[in-house]
Amino acid sequence: MRAFVDKDACIVCGLCADICPEVFKMDDDGTATAIDTEIPDDAKDAAREAAEQCPVDAIRIEED
């Protein structure tokens, strides 16, 4: 499972990083980014929640 952030859609709210800091962080330019590796098993539920809570649907989760 991997996460992706559409930087053009991101509104810099920081909600994803608050919900799942193991997967999401805020970049130097202020937009969210996701780790570029497989999401750890213990963070999968939180990553899904972050995607669901994103107010502009900028997060995409791809299941393996």
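A short reminder: the numbers here are calculations on the coordinates, not readings from a lab. This structure is a prediction, so every number in the text was calculated from the model and none was measured. Neighbour counts are summed over all protein chains in view; Cβ atoms, including those assigned to glycine, are modelled from backbone coordinates with ideal geometry.
Please compute one quarter of the surface area of the Cα convex hull for the chain and express it in square nanometres. Don't skip to the end; give the middle numbers.
Details: hull surface 14.9 nm².
With the hull built on Cα positions only, its mean projection is 3.7 nm².
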**Asked** Normalised by the number of residues in the chain, what is the relative contact order in percent for Cα pairs under 8 Å and 6+ residues apart?
**Response** 47 percent
**Prompt:** Using Cα atoms only, what is the angle between the long axis of helix 44-53 and the major principal axis of the chain, expressed in degrees (0 to 90) to the nearest 10?
**Reply:** 30 degrees
**Request:** Quote the charge dipole size of region 2-56 about the Cα centre in Debye, to the nearest 20; the model charges only the Cβ of Lys and Arg (+1) and of Asp and Glu (-1).
**Result:** 100 debye
